[in-house]
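Asker: Before I ask anything, here is the structure I am working with.
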Amino acid sequence: MTRYMTVLAALLIASSVSIAHSAEKRSSSAAPAAPVSASTTNSKAKKPAAAVDNASCVTADCHANVKNYPVLHGPLTVNACDACHRPLSAADHTFELTRQKTDLCTFCHTIEMGQSVVVHEPLKRGQCVECHNPHGGASRAMLATDSANNLCKQCHQDVMKGKKSVHGPVAAGACGACHQPHSSNYPKLLNAQGTQLCLTCHVSTATEIRNKRVVHGPVAVDCQACHDAHASDQPMMLRDEPAKLCASCHETIKATIAGAKTQHEAVTTSRACLNCHEAHASDFPSILRGSMLELCMECHNQEIALSDGRKLANIKAVLDTGTSLHGPVAQANCAACHLIHGGDNFRLLVREYPPQFYAPFKEESYALCFMCHDPQVVRDEKTTALTNFRNGQENLHYLHVHRDKGRTCRACHETHASANDKHIRAAVPYGTGGWMLPLNYQKSEDGGRCAPGCHLPYEYNRRQPVSYPASQPAATSTQGANP
């Protein structure tokens, strides 16, 4: 760079001096070949008519401002003007450059381009002085402006444009942090390509990517898929709002969210996708921020009011007090039953499941349960093996479900967890008044006993079936009555 800037300085000096003195020689009516620089000439000085010593080039009356810089070009510091300028006529005091365009600069400055495929346009045209002042400047680079940022703006549009979030190097005017000034093997004169460039500074992200099990696809290729390299109106210089940005690639999920009858607020509010997913890398599938159950409990650790006035239960409290967990809950796999992004079924369930306490039996209505449970358990009226919930051979699942006011699974079973075996409920919400209908279930060695608010006490026994005469009300029997 030092040699390069030395040549640049010589180039501008030579062109300025030659043009200035040639212009003075022409008649006042003739148009000059180029504008005369006020910084290198002085109208008070009388042009020498003979050769002069280099030390006398810069005086108060001649070329007074040529050395007026914090950092001077090397030849100028030792008054070696002839390193870049040579006289044409001592009598006329006219000069020309010792070499032309880039050759003048590269005589001293080596520009290492190697096999670069991208060359900065001014350098390609041999116009070093478009970027460098050949006499001096505010720094060793001797830029033609007071900063690299202002220099780049002369040709390149303002990349900040009043944006709210600006990349650190851009805000500091340090274009060179990412771009080479002369040539590069990468597009846009970048120092490296894609993610490799970003990770030279963002070392914490590099460590995260290196150590995590799951890495977001764009991160491994090019950060600019999601981030603007210069500035943005979004936090973290994102190219768009998080939800819109994610949807630009995840089109299937976008369609799911847009068309869902039941929407998940975790997807549509606050940080949207980032409520659940990491942007770069994670130790969990689908780059989740944590385990699925942990994430769900960040919101479902309290009652949630719904638009229709009802409330979702505090599921965390249910799980914390339950000793019998539903299988998917025990596996911390909420997605086994619930759609994460949105769906058409009640409570974002992956398949149909009756939302009512009572419902006429249709096997397709229990598609969710039958994903894991054998539907035969409700098909056979008599059995000795399908279920333990039987009175002798009488299948009590079949009995409860196959009726005009069939009891749905939720009537007896807690869908997440319970303190009772088989996650049987202690009570179930009933009606619109918020009454909790008690089940009063008691397990025995060969059966059990229910005394719920919906019917009189009943008992069942697999080995010695309890008999309830149809004419005898349950209330008159210590064994209860058959439903």
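Asker: Is segment 441-460 home to any residue that is buried (at least 17 other Cβ atoms within 10 Å of the Cβ), touching a strand residue (DSSP E or B) at 6+ places or on another chain (Cβ under 8 Å), acidic (Asp, Glu) and part of a strand (DSSP E or B)?
Answerer: Yes, because at least one residue in segment 441-460 is buried (at least 17 other Cβ atoms within 10 Å of the Cβ), touching a strand residue (DSSP E or B) at 6+ places or on another chain (Cβ under 8 Å), acidic (Asp, Glu) and part of a strand (DSSP E or B).
Asker: For Gly342, state whether it is under 35 Å from the mean Cα position of the chain (by Cα) and surrounded by 14 or more Cβ atoms within 10 Å (Cβ to Cβ). Show your work before the answer.
Answerer: On the way: under 35 Å from the mean Cα position of the chain (by Cα): yes; surrounded by 14 or more Cβ atoms within 10 Å (Cβ to Cβ): yes.
Against the criterion (under 35 Å from the mean Cα position of the chain (by Cα) and surrounded by 14 or more Cβ atoms within 10 Å (Cβ to Cβ)), Gly342 qualifies.
Asker: Consider Lys311 against the criteria (1) crowded, with 17+ Cβ neighbours inside 10 Å; (2) modelled with pLDDT under 95: it satisfies all of them except one. Which criterion is unmet?
Answerer: Tallying (1) crowded, with 17+ Cβ neighbours inside 10 Å; (2) modelled with pLDDT under 95, Lys311 fails exactly one: (1).
Asker: Within segment 157-202, take every residue that is of a type in the set (Gly, Ala, Ser) and in a loop (DSSP other than H, G, I, E, B) and give me the one that is farthest from Val117 (Cα to Cα). Full working, then the answer.
Answerer: So in segment 157-202, the residues of a type in the set (Gly, Ala, Ser) come out as 162, 165, 168, 171-174, 176-177, 183-184, 192, 194.
Still in the running and in a loop (DSSP other than H, G, I, E, B): 162, 172-174, 192, 194.
On the way: Gly162: 33, Ala172: 28, Gly173: 25, Ala174: 23, Ala192: 13, Gly194: 16 Å.
Selected residue: Gly162.
Asker: Among the numbered criteria (1) within 30 Å of Phe346 (Cα to Cα); (2) surrounded by fewer than 16 Cβ atoms within 10 Å (Cβ to Cβ); (3) acidic (Asp, Glu), which single criterion is violated by Asp240?
Answerer: The number of the failed condition is (1).
Asker: Taking into account only those residues within segment 243-269 that are among the hydroxyl-bearing types (Ser, Thr, Tyr) and touching a residue at least 60 places away in the same chain (Cβ under 8 Å), which is surrounded by the most Cβ atoms within 10 Å (Cβ to Cβ)?
Answerer: Going residue by residue through segment 243-269, those that are among the hydroxyl-bearing types (Ser, Thr, Tyr) are 248, 252, 256, 262, 268-269.
From what's left, touching a residue at least 60 places away in the same chain (Cβ under 8 Å): 256, 262.
On the way: Thr256: 18, Thr262: 13.
Of everything passing the filter in segment 243-269, Thr256 is surrounded by the most Cβ atoms within 10 Å (Cβ to Cβ).
Asker: Does Thr387 satisfy being without any contact (Cβ under 8 Å) to a residue 60 or more places away in the chain, assigned to a loop (DSSP other than H, G, I, E, B) and buried (at least 17 other Cβ atoms within 10 Å of the Cβ)?
Answerer: Values: without any contact (Cβ under 8 Å) to a residue 60 or more places away in the chain: yes; assigned to a loop (DSSP other than H, G, I, E, B): yes; buried (at least 17 other Cβ atoms within 10 Å of the Cβ): yes.
It is true that Thr387 is without any contact (Cβ under 8 Å) to a residue 60 or more places away in the chain, assigned to a loop (DSSP other than H, G, I, E, B) and buried (at least 17 other Cβ atoms within 10 Å of the Cβ).
Asker: Out of the residues in segment 395-423 meeting the condition of being in contact with a Phe, Trp or Tyr (Cβ under 8 Å, 6 or more places away or on another chain) and part of a strand (DSSP E or B), tell me which one is surrounded by the fewest Cβ atoms within 10 Å (Cβ to Cβ).
Answerer: Here the answer is Arg407.
Asker: Has segment 162-173 got at least one residue that is surrounded by 15 or more Cβ atoms within 10 Å (Cβ to Cβ), over 15 Å from the mean Cα position of the chain (by Cα) and modelled with pLDDT under 90?
Answerer: yes
Asker: Another question, then. Report, ordered by the first and then the second residue, all pairs with beta carbons closer than 7 Å, sequence separation of six or more or different chains, a first member in segment 361-376 that is free of Cβ contacts under 8 Å to residues at least 60 places away in the same chain, and a second member that is among the basic types (Lys, Arg).
Answerer: From segment 361-376, the pairs are Ala367/Arg351; Leu368/Arg351; Met371/Arg351.
The values are calculated or read from the model by the stated rules, or taken from the named source; none is laboratory data. Treat the numbers as computed from the prediction; the structure is a model and nothing was measured. Every residue, glycine as well, gets a Cβ built from its backbone with ideal geometry; the counts of neighbours run over all protein chains shown.
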